[in-house]
Amino acid sequence: KAGVTQTPRYLIKTRGQQVTLSCSPISGHRSVSWYQQTPGQGLQFLFEYFSETQRNKGNFPGRFSGRQFSNSRSEMNVSTLELGDSALYLCASSLSTGQSYNSPLHFGNGTRLTVT
Amino acid sequence: KNEVEQSPQNLTAQEGEFITINCSYSVGISALHWLQQHPGGGIVSLFMLSSGKKKHGRLIATINIQEKHSSLHITASHPRDSAVYICAVGSQGNLIFGKGTKLSVKP
């Protein structure tokens, strides 16, 4: 079974631009969650999608958004990029259906975003 | 105060030593996850716990719900165990992470 695939692996953008990151979950996984990792703040939860609906959302500004398609693939978008958005963005999929995070998480290798 | 606290922050061990990493949390949880992150960023899920104890190879994870505490043990440590170990708790739809424990195992 293929693992979680994130594209692209690396991305360089300038302030004010927008960016879209993609995550393809393991086949059969309907829950996809997104995380931001920075040296200062560590790992932080962005949002979780299940069956095309945003089920949970972390404490990030509205510039961070996402969506999930009928095949469970997910995208996240960051608009009006700021220098502080430079980070490793990770997604994870799981078999969780009812309560979130009650199944093991399978992480992708991440997208490293640099904002200049 | 962070909702998820890990200790120690850094740990250096000799090959073969028994290692314990601790995680304390202050919120109600639905589950607790232990994750391993190697240099380069890839994260692997080691355990998901909601009660009791789990074992996988040389790794053991325990959780005490009443005391809001979990431990990750590594028996017969090996240099390939060198990584950052992260505790994360599922709470009210959020996944809250500890700052991680950086483990270095010397041959």
Of all residues in region A:88-106 being hydrophobic (A, V, I, L, M, F, W, C) and surrounded by fewer than 22 Cβ atoms within 10 Å (Cβ to Cβ), which is modelled with the highest pLDDT?
A:LEU88
Of everything in region A:37-61 that's out of contact with any Asp or Glu (no Cβ under 8 Å at 6 or more places or on another chain) and polar (S, T, N, Q), which residue is farthest from the other protein chains (Cβ to nearest Cβ)?
A:SER51
How many residues, within region B:5-51, are of a type in the set (Val, Ile, Thr), farther than 15 Å from B:ALA76 by Cα and part of a strand (DSSP E or B)?
2
So, first residue at the interface with chain A (Cβ under 9 Å from one of its Cβ atoms) in region B:37-54, second residue surrounded by 12 or more Cβ atoms within 10 Å (Cβ to Cβ) and basic (Lys, Arg), Cβ within less than 6 Å, six or more apart or across chains; the pairs are B:PHE47/B:LYS54
When residues of region B:52-76 are filtered for being at positive phi, in a loop (DSSP other than H, G, I, E, B) and loosely packed, with under 14 Cβ neighbours inside 10 Å, how many remain?
2
In region A:26-78, which residue that is closer than 20 Å to B:GLU3 by Cβ, of a type in the set (Gly, Ala, Ser) and surrounded by fewer than 22 Cβ atoms within 10 Å (Cβ to Cβ) is nearest to the chain's Cα centre (by Cα)?
A:GLY58
Looking at (1) touching a Lys or Arg at 6+ places or on another chain (Cβ under 8 Å); (2) free of Cβ contacts under 8 Å to residues at least 40 places away in the same chain; (3) within 25 Å of A:PHE45 (Cβ to Cβ), which is the only condition B:ASN64 fails?
(1)
Report the residue count in region B:70-92 for those that are among the hydroxyl-bearing types (Ser, Thr, Tyr) and within 11 Å of another protein chain (Cβ to nearest Cβ).
1
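Identify, please: which residue in region B:93-104 is farther than 15 Å from A:GLN44 by Cα and surrounded by fewer than 17 Cβ atoms within 10 Å (Cβ to Cβ) and is, among those, nearest to the other protein chains (Cβ to nearest Cβ)?
Of everything passing the filter in region B:93-104, B:LYS102 is nearest to the other protein chains (Cβ to nearest Cβ).
Would you check if B:PRO107 is in contact with a helix residue (DSSP H, G or I) (Cβ under 9 Å, 6 or more places away or on another chain), of a type outside the set (Ser, Thr, Tyr), away from every other protein chain (no Cβ under 14 Å) and surrounded by fewer than 17 Cβ atoms within 10 Å (Cβ to Cβ)?
yes
Across region B:83-95, what is the total count of residues that are touching a residue at least 12 places away in the same chain (Cβ under 8 Å) and more than 13 Å from the chain's Cα centre (by Cα)? Before you say what the answer is, go through the steps one by one.
Taking region B:83-95 as the starting set, the residues that turn out to be touching a residue at least 12 places away in the same chain (Cβ under 8 Å) are B:83-92, B:95.
Among the residues that remain, those that are also more than 13 Å from the chain's Cα centre (by Cα) are: B:90-92, B:95.
The number of residues fulfilling the criteria is 4.
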Pair list, Cβ < 7 Å and 6+ apart or interchain, from region A:77-97 residues that are of a type in the set (Asp, Glu) to residues that are exposed (fewer than 14 other Cβ atoms within 10 Å of the Cβ):
A:GLU82/A:ARG15
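Restricting to region A:62-76, name every residue that is free of Cβ contacts under 8 Å to residues at least 40 places away in the same chain and either assigned to a strand (DSSP E or B) or closer than 14 Å to A:TRP34 by Cβ (or both).
Result: A:ARG63, A:PHE64, A:SER65, A:GLY66, A:ARG67, A:GLN68.
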Residue in region A:18-25 that is at positive phi, surrounded by fewer than 18 Cβ atoms within 10 Å (Cβ to Cβ) and at pLDDT 95 or above present:
no
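The values are calculated or read from the model by the stated rules, or taken from the named source; none is laboratory data. Remember, it's a predicted structure, so these values are computed and weren't measured experimentally. Heads up, the Cβs are rebuilt from the backbone with ideal geometry, glycines too, and the neighbour counts pull from every protein chain shown.
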